[in-house]
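Notes for the one structure printed next.
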Amino acid sequence: MRIGILQCGQSPSQLKDEMGDYPDMFIRLLGGRGFEFRTWLVEEMQFPDDVHDADGWLLTGSRHGAYDDLAFIPPLEDFIRGAYAAPVPMVGICFGHQLIAQALGGQVIAHPQGWAVGTTDYDFEGEKVTLNAWHRDQVAAPPDDARVIARNEFCENAALIYGDRALTVQAHPEFSDDFLQRLIATRGKGVVPQDLLDDAVARLGTPKDSAAIADRIEKFFRQPRSIAKGAA
């Protein structure tokens, strides 16, 4: 199965050589599951020619806001709507979660209570799932087609499912603790309140359920569905 990674942002330059960029993290997360991957750096206006250039799409995180006035966001929203209508399944993580919601009629805001950073627990339909988080923005109002499948007290719309067409998650199953620690040092200081960064550092090493989210993503992509031409 061909998975197209729509790269919406980039890892800090200081970390790329050692820890890789966002697509590398997703390839590691979903490795060994029989997927083939190709990346388009949509942040720099590199777009697929057609929604059927892959059998499924994965939208990454980004330092940008879904509501920012940036050149790549309107065409990416158009692409999302086209894939949704085709239908070609999509998975969105963090910014990808937010932009899919916004493109399909939801609302994304900067949360008035601030940031979620580091080890975070979520209720996934009655199951406790622990993941690394890094966000201030979140989905305030999901689209009509979306159903909430994960939440916590800070983030009411922490994961959404759109039938068999899209699965989106606010947290970062692809972020290891090592990467999070380096992200705190390179991108967090002066942006995220220091007490939140200190707390996130203190909770490094807490076991994460990233593999469980990888299982959900694989199951979602592979579930039987009627996909238009171009599917394998």
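For the range 107-130, which positions are closer than 24 Å to Tyr67 by Cβ and in contact with a strand residue (DSSP E or B) (Cβ under 9 Å, 6 or more places away or on another chain)? Walk me through it before giving the result.
Step one: list which residues in the range 107-130 are closer than 24 Å to Tyr67 by Cβ, which gives 107-117, 120, 122.
Gln107, Val108, Ile109, Ala110, His111, Trp115, Ala116, Val117, Thr120, Tyr122 - these are the residues of the range 107-130 that are closer than 24 Å to Tyr67 by Cβ and in contact with a strand residue (DSSP E or B) (Cβ under 9 Å, 6 or more places away or on another chain).
Show the residue pairs meeting these rules: Cβ distance below 8 Å; 6+ apart or different chains; first residue within the range 85-96 and acidic (Asp, Glu); second residue in a helix (DSSP H, G or I).
none
Which one of Leu204, Leu197 is in contact with a Lys or Arg (Cβ under 8 Å, 6 or more places away or on another chain) and hydrophobic (A, V, I, L, M, F, W, C)?
Numbers: Leu204 fails: in contact with a Lys or Arg (Cβ under 8 Å, 6 or more places away or on another chain).
None of the other options fit; the residue is Leu197.
Every residue in the range 3-46 that is under 17 Å from Phe79 (Cα atoms) and surrounded by fewer than 16 Cβ atoms within 10 Å (Cβ to Cβ), please.
So the first thing to find is which residues in the range 3-46 are under 17 Å from Phe79 (Cα atoms), and the list is 3-9, 38-46.
Hits for the range 3-46 are Arg38, Glu44, Met45, Gln46.
Can you tell me which residue in the range 81-99 is farthest from the chain's Cα centre (by Cα), limited to those that are within 14 Å of Ile5 (Cα to Cα) and not in a loop (DSSP other than H, G, I, E, B)?
My answer is Ala83.
So how many residues does the range 130-157 have that are among the small types (Gly, Ala, Ser) and closer than 23 Å to Asp198 by Cα?
Within the range 130-157, the subset among the small types (Gly, Ala, Ser) is 133, 140-141, 146, 150.
This time we only want the ones that are closer than 23 Å to Asp198 by Cα, so: 133.
Of the residues in that region, 1 qualify.
Could you please find all residues in the range 159-200 being surrounded by fewer than 16 Cβ atoms within 10 Å (Cβ to Cβ) and among the basic types (Lys, Arg)?
Lys189, the sole residue that qualifies.
Give me the residue from the range 1-37 that is among the basic types (Lys, Arg) and not in a strand (DSSP E or B) and, out of that set, farthest from His52 (Cα to Cα).
Looking only at the range 1-37, we keep the residues that are among the basic types (Lys, Arg), and these are 2, 16, 28, 33.
If we keep only those that are not in a strand (DSSP E or B) as well, we get 16, 28, 33.
On the way: Lys16: 30, Arg28: 24, Arg33: 21 Å.
Filtering first and then ranking leaves Lys16.
Regarding Gly61, is this residue within 14 Å of the chain's Cα centre (by Cα), part of a loop (DSSP other than H, G, I, E, B), crowded, with 22+ Cβ neighbours inside 10 Å and of a type outside the set (A, V, I, L, M)?
The answer is yes for Gly61.
Cβ-Cβ under 8 Å, sequence separation 6+ or interchain: first residue in the range 114-131 and over 15 Å from Phe175 (Cα atoms), partner among the acidic types (Asp, Glu) and surrounded by fewer than 23 Cβ atoms within 10 Å (Cβ to Cβ). Which pairs?
Between residues of the range 114-131 that are over 15 Å from Phe175 (Cα atoms) and residues that are among the acidic types (Asp, Glu) and surrounded by fewer than 23 Cβ atoms within 10 Å (Cβ to Cβ), the close pairs are Lys128/Asp121.
The numbers here are math on the coordinates, done by the rules we state, and not lab data. Everything numeric in this text was worked out from a predicted model, so none of it was measured. Using ideal geometry, Cβ is built from the backbone for each residue, glycine included, and neighbour counts are taken over all protein chains shown.
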